[in-house]
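Encoded as structure tokens, the structure appears first; notes follow it.
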Amino acid sequence: MKDMREFAIKYGLLILLALMLVIFTLAEPAFLSTINMMIILQSVSIVAILALGVTATLAVDGFDLSIGSTAAFSMMTASYVMVVFDGGTTMAILAAIGVGVVVGLINGFMTVQMKVPDLLTTLGMMFLLLGLQLIPTQGRSISAGMSLGDGETATGSFSESFLFLGRARIFDIIPVPVIIMLILAVITYLFLERTRHGRVMYAIGSNEQAAKLAGARVKLYRYVAYVISGVFASIGGILLAARIGRGDVSSGNSLLMDGVAGALIGFAVLGAARPNAQGSAIGALFVGVLLNGLTMMNTPYYTQDFIKGLVLVAALMFTFGLSNKRA
Amino acid sequence: MSNVVNAIEIRAIKKKFGSNTVLHDVSFNIDGGKILALLGANGAGKSTLVKILSGVYHADEGTVIINGETVDISNPQSARDAGIITVHQIINDGVVQDLSIAENLLLDKLCDGRFSTFISKKELHKQAKPLAEKIGLDVALDTQVSELSQADRQLVAIARAISDKPKLLILDEPTSSLSETEAVKLFEAVKTMREQGVAIVYISHRMSDIRLLADQIAALREGKIVGWFEPPLDYDGAVDSMLGHAVGEVRHSYVAGDKAMLDLEGVQLDAKSLPFNLHFKTGEIVVLTGLLSSGCASVVEGVFGMNSFVSGQLKLEEKPWSPVGPHHAIDNGVYMVQEDRGNNALVPDFSIEQNVSLPFLKSFSRFGFVSRKAEKQQVSKAIETTKVKYTDQEELILTLSGGNQQKAMVARWMLNDCKVLLLNEPFQGVDISSRRQIGQLLRSTAKDRTTIAVCTDVEEALEIADRIIVFNHNNMVGEHLIHEIHMPSLINQIAAAPEPYDESPHSTEDITNERYA
């Protein structure tokens with residue numbers, strides 16, 4: 001009985017994932033095709049990058065609700081730099097990542113120095129950015145040749161190299177965002193699990209006072225965590241802009257929910273019962289497979305959010321209920 | 001009141017965790033109006049027994065019979081309903097920090113609906129007052145528990161427990177965080193309970209408590225009752241029986257310090273206290289003692305950079321030095337074993353290994369990457385020397401018994417050589433044999449560093465110290481060398497009332513600000 005429980009905690013989610021693949025394939029053989037698998041991975045990659053970022057803040061027992069709007073704001077920034085300023089690929093990427101760094105620093109400042117609880121800080125930041133991204137374009141989306149406020153037309157456009165990031169496929173099969181996501185997943189994994197910095201961040205998340213008295217620079221690491229989640233969200237935003245080829249005011253909407261869901265479902269992967277990089281990536285994949293499969297089986301779109309929520313709640317019960325490690 | 005005679009029978013309690021049998025067939029009887037002292041080394045199974053009796057754990061076998069009836073102790077509520085009340089070792093489990101004393105004392109009534117929906121503060125205080133008086137708690141009833149000293153919190157937890165008129169009262173290490181004078185209040189309350197016909201199981205490592213209170217002694221070792229003592233009580237025999245061997249007197253010779261290591265000059269602990277100088281040298285072990293909140297802890301916390309002194313300078317190796325925080329102190333070779341390891345030292349999600357290595361990850365790392373092999377080797381060496389009892393160092397730290405957790409925390413700071421080793425209550429909740437092991441370890445490794453320990457228990461101080469320094473109300477009041485110690489004056493310095501140089505009456509705020517703010 002006890003062994004059963006341990007087995008369920010450890011492999012439950014992976015078995016569920018495998019089971020989903022089998023069921024969807026039986027129902028719709030095209031599901032398992034290479035092309036569809038790549039579509040799933042492509043759609044998952046941006047969400048997974050956000051999930052990896054929020055993992056860093058979860059590791060220090062924080063939280064970041066602003067990742068979705070940071071991604072959206074970065075997307076708008078990159079688009080604006082390209083279309084309105086005609087600034088080129090490098091400038092657009094640097095500006096967008098700069099947004100992530102600044103947002104992370106402000107979140108860090110609010111939680112560390114001002115001692116505002118992280119949920120409130122990042123909730124505030126979320127609304128702030130959602131509003132701010134609308135102002136420069138008076139609420140419109142950004143696309144090449146758009147008319148500017150003073151009657152002129154924007155001269156810039158999305159460069160080929162920028163669009164490459166979101167649309168190209170390596171060896172004609174693996175989408176670039178998937179490669180970037182995998183690289184970031186490996187980096188996050190190595191950072192959290194193998195470096196002393198990751199170890200200290202988990203120590204802070206588990207017992208901040210003890211970590212501090214063991215010499216950890218608690219404040220510094222909290223800043224680092226928020227900057228990581230901000231920058232990862234920005235990278236997600238850049239890839240999103242590159243994929244859709246415009247700065248779309250509404251396309252970042254579901255990113256927060258999906259990213260956080262991925263990271264939280266990740267708690268349940270291999271019984272980690274704590275935020276972890278591999279779990280977050282698999283968690284995001286889990287959500288992606290589910291949604292893609294449901295779409296292929298012609299489940300109405302309006303039920304999908306509900307199902308996503310249901311899966312998240314179930315996964316959380318798995319982790320916290322069964323393991324009773326965290327009260 | 002004593003017309004009720006409570007007869008409690010504990011019959012054949014067994015408990016296994018996995019393949020590890022923690023309790024084999026524990027049986028004993030205790031009658032109302034008696035205090036049974038339960039002795040046991042760390043890991044003997046005391047905590048498990050307490051948790052079973054209080055309904056937290058399920059026994060695999062065995063029953064509890066009160067006045068001839070088998071009682072249900074399958075969960076904490078039913079154990080309480082059956083009249084078994086437990087005051088746990090960890091005080092904060094027994095009190096709600098953000099509520100007032102009165103609300104805490106009446107918490108059970110408030111929660112189970114014995115109060116009407118609208119609560120009048122007057123009524124609350126009226127009912128809480130006798131409970132507080134019974135145990136000699138003389139702080140305003142609307143004070144928040146979070147503002148109280150550790151000792152007063154303990155009294156609140158006990159007063160709350162006994163408000164329920166228990167048949168069997170279990171006190172698990174009730175004095176471990178109380179100083180001797182503070183404990184006296186508690187002893188009075190325990191004796192009152194005895195007179196009222198309550199059967200009391202008293203668990204403590206302090207022999208002085210047991211000498212004062214016990215009517216019977218049971219010794220628990222490796223999950224079995226190995227000794228039962230009736231009056232006239234053979235205290236030494238009971239200790240031997242608990243340990244399974246006789247404990248020799250510890251005697252160590254005085255070691256004078258060698259080179260100057262740490263100097264405190266003109267240090268003032270609060271605005272009203274007098275400045276003092278202290279000089280610490282390599283090779284010596286200095287113990288700071290005094291009542292709780294006497295200022296000893298503030299001294300070591302100041303040296304470790306956890307708080308700053310009101311005034312005064314520090315010198316490390318004869319150079320001016322001021323620590324900006326724990327990380328800075330550690331970088332400069334000043335290490336500290338913290339009190340209250342659960343809150344201040346242990347990382348509950350980490351393994352034994354990761355807990356020990358935490359401050360020194362840098363020395364196991366190349367380009368930031370931790371070398372697990374080096375970490376494993378170094379840690380296993382350190383926990384070997386501190387004699388931590390463990391099965392696998394990759395198990396979670398919380399799988400260790402309390403005493404072994406503490407040894408692991410000492411091991412943590414033995415990973416690297418240091419200049420100054422500070423220890424705040426290193427023997428908190430540690431049994432005699434582990435305590436001696438830690439003490440010997442400290443003495444045998446003391447040569448090249450300065451060791452400064454805070455022990456409110458004088459007996460502990462005598463075991464390890466070369467020099468004992470006494471603090472009283474944030475003033476340094478005495479210094480004794482171990483080979484020429486004069487006990488009566490030492491005790492007198494510890495317990496003396498402060499000089500009445502401040503006009504205002506001594507408020508509780510002064511005490512709490514200093515350590516719990």
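Descriptive notes on the structure:
- Lone qualifier among B:VAL286, B:VAL300 - being more than 10 Å from chain A (Cβ to nearest Cβ), assigned to a strand (DSSP E or B), closer than 13 Å to B:VAL420 by Cα and under 21 Å from the mean Cα position of the chain (by Cα): B:VAL286
- Checking A:LEU290, A:LEU270, A:LEU190 one by one, the residue that is on the phi > 0 side of the Ramachandran plot, surrounded by fewer than 24 Cβ atoms within 10 Å (Cβ to Cβ) and either at pLDDT 90 or above or part of a helix (DSSP H, G or I) (or both) is A:LEU270 and no other.
- Candidate set from the stretch B:315-327 (those that are part of a loop (DSSP other than H, G, I, E, B) and more than 13 Å from chain A (Cβ to nearest Cβ)); member that is farthest from B:PRO359 (Cα to Cα): B:GLU318
- Applying a threshold of 6 Å to beta carbon distances and a minimum spacing of six or more residues, or different chains, the list of pairs starting in the stretch B:65-85 at a residue that is more than 10 Å from B:GLY55 (Cβ to Cβ) and ending at one that is among the acidic types (Asp, Glu) and in a loop (DSSP other than H, G, I, E, B) reads B:ILE85/B:ASP164.
- Of the residues making up the stretch B:328-373, just one is on the phi > 0 side of the Ramachandran plot and at the interface with chain A (Cβ under 8 Å from one of its Cβ atoms), namely B:GLY368.
- Scanning the stretch B:379-393 for residues that are away from chain A (no Cβ under 14 Å) and either over 24 Å from the mean Cα position of the chain (by Cα) or in a helix (DSSP H, G or I) (or both) yields a total of 9.
- Filter result for B:LYS407 (touching a helix residue (DSSP H, G or I) at 6+ places or on another chain (Cβ under 7 Å) and away from chain A (no Cβ under 14 Å)): yes
- Comparison of B:VAL454, B:VAL477 shows that the only residue that is at pLDDT 80 or above, within 27 Å of B:VAL388 (Cβ to Cβ), of a type in the set (A, V, I, L, M) and surrounded by 20 or more Cβ atoms within 10 Å (Cβ to Cβ) is B:VAL454.
- Residue match in the stretch A:151-166 (condition: within 14 Å of chain B (Cβ to nearest Cβ) and part of a loop (DSSP other than H, G, I, E, B)): no
- Among the residues of the stretch A:22-76, those identified as without any contact (Cβ under 8 Å) to a residue 40 or more places away in the chain and either touching a Phe, Trp or Tyr at 6+ places or on another chain (Cβ under 7 Å) or in a helix (DSSP H, G or I) (or both) are A:VAL22, A:THR25, A:LEU26, A:PRO29, A:LEU32, A:ILE35, A:MET37.
- Residue within the stretch A:196-208 that is farther than 14 Å from A:ALA59 by Cβ and not polar (S, T, N, Q) present: no
- Flag if B:SER78 is over 26 Å from B:LYS191 (Cβ atoms), out of contact with any strand residue (DSSP E or B) (no Cβ under 8 Å at 6 or more places or on another chain) and either small (Gly, Ala, Ser) or not assigned by TED's automatic domain parsing to the domain that holds B:PRO174 (or both): yes
- B:GLY312 away from chain A (no Cβ under 14 Å), surrounded by fewer than 21 Cβ atoms within 10 Å (Cβ to Cβ) and not in a loop (DSSP other than H, G, I, E, B): yes
- Filter pass, A:MET146 being hydrophobic (A, V, I, L, M, F, W, C), over 25 Å from A:ILE228 (Cβ atoms) and surrounded by 16 or more Cβ atoms within 10 Å (Cβ to Cβ): yes
- Flag for A:LEU184 being surrounded by 12 or more Cβ atoms within 10 Å (Cβ to Cβ) and more than 30 Å from A:ILE40 (Cβ to Cβ): no
Residue-wise test of (1) assigned to a loop (DSSP other than H, G, I, E, B); (2) in contact with an Asp or Glu (Cβ under 6 Å, 6 or more places away or on another chain); (3) modelled with pLDDT of 90 or more; (4) under 24 Å from A:MET181 (Cβ atoms).
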residue: A:ALA263; (1), (2), (3), (4): no, no, yes, yes
residue: A:PRO275; (1), (2), (3), (4): yes, no, yes, yes
residue: A:ALA281; (1), (2), (3), (4): no, no, yes, yes
residue: A:ILE307; (1), (2), (3), (4): no, no, no, yes
residue: A:ALA315; (1), (2), (3), (4): no, no, no, yes
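- Among the residues of this structure, B:GLY55 counts as one that is on the phi > 0 side of the Ramachandran plot and either buried (at least 17 other Cβ atoms within 10 Å of the Cβ) or out of contact with any strand residue (DSSP E or B) (no Cβ under 9 Å at 6 or more places or on another chain) (or both).
- Which listed residue, of A:ALA203, A:ALA216, is facing chain B (nearest Cβ under 9 Å), assigned to a helix (DSSP H, G or I) and among the hydrophobic types (A, V, I, L, M, F, W, C): A:ALA203
- The residues in the stretch B:31-46 that are surrounded by fewer than 22 Cβ atoms within 10 Å (Cβ to Cβ) and of a type in the set (Gly, Ala, Ser) can be counted, and the count is 3.
- Strands (runs of 3 or more DSSP E) contained in the stretch B:148-222 and holding at least 2 residues touching a strand residue (DSSP E or B) at 6+ places or on another chain (Cβ under 7 Å) and more than 23 Å from B:THR48 (Cβ to Cβ): none
- Restricting attention to the stretch A:190-200, the residues that are more than 7 Å from every other protein chain (Cβ to nearest Cβ) and charged (D, E, K, R) add up to 1.
The values are calculated or read from the model by the stated rules, or taken from the named source; none is laboratory data. For clarity, every value in this text was computed on a predicted model and none was experimentally measured. Note: ideal-geometry Cβ built from the backbone for every residue, glycine included; neighbour counts use all protein chains shown.
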